[in-house]
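Shown next, in structure tokens, is the structure this report addresses.
The values are calculated or read from the model by the stated rules, or taken from the named source; none is laboratory data. Treat the numbers as computed from the prediction; the structure is a model and nothing was measured. Cβ placement follows ideal geometry from the backbone for every residue including glycine, while neighbour counts extend to all protein chains displayed. For the accessible areas, the whole protein counts, side chains as well, though only heavy atoms, and no ligand, DNA or RNA atoms are used. Shrake-Rupley method; radii C 1.70, N 1.55, O 1.52, S 1.80 Å.
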Amino acid sequence: MEYPGIPPRLAAGLDRVSGASWTRGPRDALAELASVLAPSECVYCQCDDAVMCSACRGAFRAATLRPFAAQEGAEGLPLLPDGEPLPVTAAGVYAREVSAALLAFKNRQRIPLAGVLGPALAGSIRAAAQAHPGPLALVPVPSSRLARARRGYAPVDVLIRWISRRGLLPPGVAVVPALRVVRRPPWAVAEQKSRGRRARSSDAAEFVVRPGHPVSGAPVLLVDDVLTTGSTLARGYLGLLRAGACVQGAAVLAATAPPRGGERGPLPTAGGPTPDDTPGPGAGAAAR
């Protein structure tokens, strides 16, 4: 489980207790009571008594088994010195069960979905890190203060804590919360309108490195929940680049569309069958 706002040591203790075998009976009884007092429904199929039913969980897992290179078509991604866009690894396509779970987690306070989303994001991070052996700083894309206040938590931070506490990060990868959001004055944003999308995307809002988090010369992997145009990752890339970091790529849980032609390019760490991902109606990224 996740406990936003609770100190990490206390949260880890609660996690151990909640996962202990001797608590299974009481937990099952409490879950049954909760389903009567406060009925829940699956975020995708709306069946009763589960935040995500077993069938939809299975479909979610199938849709996120094979991380793939997702940078093609994301026009807002920054270009590297060789002229190629920043490499981005995604666990799945932002559609159907994947988009429903992410939207509910981000905008409907369905925190227990961290147990569904966390393994998928961990798989994407592992696949992206495989291309960069050695120490790697994992830098989450930050939420704005307004978004954090509205939700009461930062979704990406919650998922990264879930992954870290369960030892699912690859060896040599350390979480470094180096970035923060800095609001730009309206006139500075207005000046961007005459520029192209790639030129605008990295300056529309500003991410800067926090004091006390030196990243100069460090190899960095950005991490976010959803890739749409790539403009959010571009802002993170620019902020880290200004601080002297070597940004190697990014990992996301989902991308809004598969590579051109509809066929994925699975990465070497992938395994299992390739799902048929058909974007459902209303697919799109939630507001950060």
Determine whether Val208 is surrounded by 15 or more Cβ atoms within 10 Å (Cβ to Cβ), outside any helix (DSSP H, G or I) and modelled with pLDDT of 90 or more.
yes
Hey, any hits in the stretch 89-104 for a residue that's surrounded by fewer than 19 Cβ atoms within 10 Å (Cβ to Cβ), of a type outside the set (A, V, I, L, M) and without any contact (Cβ under 8 Å) to a residue 60 or more places away in the chain?
no
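Please specify each residue of the stretch 140-152 satisfying the condition of being crowded, with 16+ Cβ neighbours inside 10 Å and either small (Gly, Ala, Ser) or more than 14 Å from the chain's Cα centre (by Cα) (or both). Reasoning before the result, please.
Taking the stretch 140-152 first, the residues crowded, with 16+ Cβ neighbours inside 10 Å are 140-144, 147-148, 151.
Across the stretch 140-152, the qualifying residues are Ser143, Ser144, Ala147, Arg148, Arg151.
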Residue in the stretch 110-130 that is open to solvent by 10 Å² or more (accessible area, probe 1.4 Å), assigned to a helix (DSSP H, G or I), among the hydrophobic types (A, V, I, L, M, F, W, C) and without any contact (Cβ under 8 Å) to a residue 40 or more places away in the chain present:
no
Would you be able to tell me the number of residues in the stretch 39-64 that are open to solvent by 70 Å² or more (accessible area, probe 1.4 Å), assigned to a loop (DSSP other than H, G, I, E, B) and closer than 19 Å to Ala114 by Cβ?
1
Conditions first: (1) under 18 Å from Ala255 (Cβ atoms); (2) modelled with pLDDT of 95 or more. Lys106 passes all but one, so which condition is the exception?
(2)
Working only within the stretch 227-244, note down all residues that are outside any helix (DSSP H, G or I), in contact with a strand residue (DSSP E or B) (Cβ under 6 Å, 6 or more places away or on another chain) and surrounded by 24 or more Cβ atoms within 10 Å (Cβ to Cβ).
Leu227
